[in-house]
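Notes follow the structure.
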Amino acid sequence: MLPSVSVVIPAHNEEKYVERCIASVKEAARVYGGDVEITVVCNRCTDRTAFLAEKNGSKVVFNEDRCIAKVRNDGIKASAGDIILTIDCDNRMTPGTIKEAVSLLESGRYIGGGAPIRFERYSFPLWCNDIMCRVSFGLTGLYCGIFWAEKKTFEAVGGFTELKAFEDADTAKKIKKYGKKLGKKYTVLKENHLINSTRKYDDLGDWLYLKLMFKNAGAFVKAAFGNKEGLDSLFDELFYDYNDTPHGKT
């Protein structure tokens, strides 16, 4: 019998994207063939996200935190699956994602992992971003994007690290360390990938993140030495408050 799976989708005012994300999960569930539950965590939503999620057959959980890690953790707690996958609401998964993740876990060699990230469209600056991501993930092995692991693994490591910035990399590091104790590896999907939304680039330009890296170099340096105030403010603007502005809802 195939293990049960829960897919956790954090969502803040995502009425434009929630249905297509759920549709991608449903297609992956069809390919998998086992029991798949979808949990949408509505974080401070003031739009139709919850309505559309329920309409499309998802369990809906409500959360008021301004921390994506806490949002994901609430979704994990509310989910009943033996295996957890997480994906952000504006992104999509490819059809074989769930099947491949479960197969890797069932092999007994892996504690969990992430997924390669591919943009839904490309331009020269987006190719630059893509290459930076591939190099970064390749060097660190801390693959993110879509997280997948057994629910008991997330519980054993205390869930996602509750930071505003770089919580994904820190969580990957925790799972990797935990897996090493058990003789298991942290890995990445080989045949499937995350389809990464380009909505912020569509709204704010394809050089967005490269410009922000240079413009906020000081904040990144300070964060490396423990002062994350500037970086937290930047992440508030780009992630936690983005969908509250007109450009985020068009």
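The values are calculated or read from the model by the stated rules, or taken from the named source; none is laboratory data. Computed from a predicted structure; not experimentally measured. Cβ sites come from the backbone with ideal geometry, for glycine too, and all protein chains shown count toward neighbours.
With respect to being farther than 22 Å from Ser103 by Cα, of a type in the set (A, V, I, L, M) and under 15 Å from the mean Cα position of the chain (by Cα), Ala165 fits the description. Inside the range 1-27, can you point out the residues that are small (Gly, Ala, Ser) and more than 16 Å from the chain's Cα centre (by Cα)? Scanning the range 1-27 gives Ser4, Ala23.
For the range 101-111, indicate whether the set of residues that are of a type in the set (Gly, Ala, Ser), surrounded by fewer than 19 Cβ atoms within 10 Å (Cβ to Cβ) and touching a residue at least 60 places away in the same chain (Cβ under 8 Å) is non-empty. Give the steps one after another, and end with the answer.
The first filter runs over the range 101-111 and keeps only residues of a type in the set (Gly, Ala, Ser), leaving 101, 103, 107-108.
Now restrict to residues that are surrounded by fewer than 19 Cβ atoms within 10 Å (Cβ to Cβ): 103, 107-108.
From what's left, touching a residue at least 60 places away in the same chain (Cβ under 8 Å): 108.
Looking through the range 101-111, at least one residue is of a type in the set (Gly, Ala, Ser), surrounded by fewer than 19 Cβ atoms within 10 Å (Cβ to Cβ) and touching a residue at least 60 places away in the same chain (Cβ under 8 Å).
Scanning the range 155-180 for residues that are part of a helix (DSSP H, G or I), more than 15 Å from Gly141 (Cβ to Cβ) and not hydrophobic (A, V, I, L, M, F, W, C) returns Glu155, Glu167.
For every residue, the table says whether it meets (1) closer than 26 Å to Gly205 by Cβ; (2) not charged (D, E, K, R).
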site	(1), (2)
Phe124	yes, yes
Cys133	yes, yes
Ala149	no, yes
Val157	no, yes
Glu162	no, no
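Any chance the range 47-56 includes a residue that's among the basic types (Lys, Arg), closer than 25 Å to Lys152 by Cβ, more than 16 Å from the chain's Cα centre (by Cα) and not in a helix (DSSP H, G or I)? No, the range 47-56 contains no residue that is among the basic types (Lys, Arg), closer than 25 Å to Lys152 by Cβ, more than 16 Å from the chain's Cα centre (by Cα) and not in a helix (DSSP H, G or I). The set of residues in the range 132-165 being surrounded by 16 or more Cβ atoms within 10 Å (Cβ to Cβ), over 28 Å from Ser4 (Cβ atoms) and either without any contact (Cβ under 8 Å) to a residue 40 or more places away in the chain or charged (D, E, K, R) (or both) consists of Cys133, Lys164.
Residues of the range 1-55 that are crowded, with 16+ Cβ neighbours inside 10 Å and without any contact (Cβ under 8 Å) to a residue 12 or more places away in the chain: none at all.
Each row is one residue, and each column tells you yes or no for (1) over 19 Å from the mean Cα position of the chain (by Cα); (2) under 30 Å from Leu212 (Cα atoms); (3) aromatic (Phe, Trp, Tyr).
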site	(1), (2), (3)
Lys99	no, no, no
Gly114	no, yes, no
Arg121	no, yes, no
Trp127	yes, yes, yes
Asp130	no, yes, no
Ser136	no, yes, no
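Met1 meets all of the listed conditions (1) over 18 Å from Lys151 (Cα atoms); (2) in a loop (DSSP other than H, G, I, E, B) but one, namely (1).
Here Cys144 does not fit the description of being under 21 Å from Arg199 (Cβ atoms), at pLDDT below 95 and in a helix (DSSP H, G or I). Just one of the numbered conditions (1) surrounded by 20 or more Cβ atoms within 10 Å (Cβ to Cβ); (2) of a type in the set (A, V, I, L, M, F, W, C); (3) within 13 Å of the chain's Cα centre (by Cα); (4) farther than 19 Å from Val36 by Cα is not true of Met93: (4).
Taken residue by residue, the range 80-94 has no member that is of a type outside the set (A, V, I, L, M), part of a strand (DSSP E or B) and free of Cβ contacts under 8 Å to residues at least 40 places away in the same chain. Total residues in the range 57-76 satisfying the condition of being farther than 20 Å from Ala172 by Cβ and either within 15 Å of the chain's Cα centre (by Cα) or not in a loop (DSSP other than H, G, I, E, B) (or both): the figure is 5. Applying the criterion of being aromatic (Phe, Trp, Tyr) and in a helix (DSSP H, G or I) to the residues of the range 181-209, the residue that is surrounded by the fewest Cβ atoms within 10 Å (Cβ to Cβ) is Tyr209.
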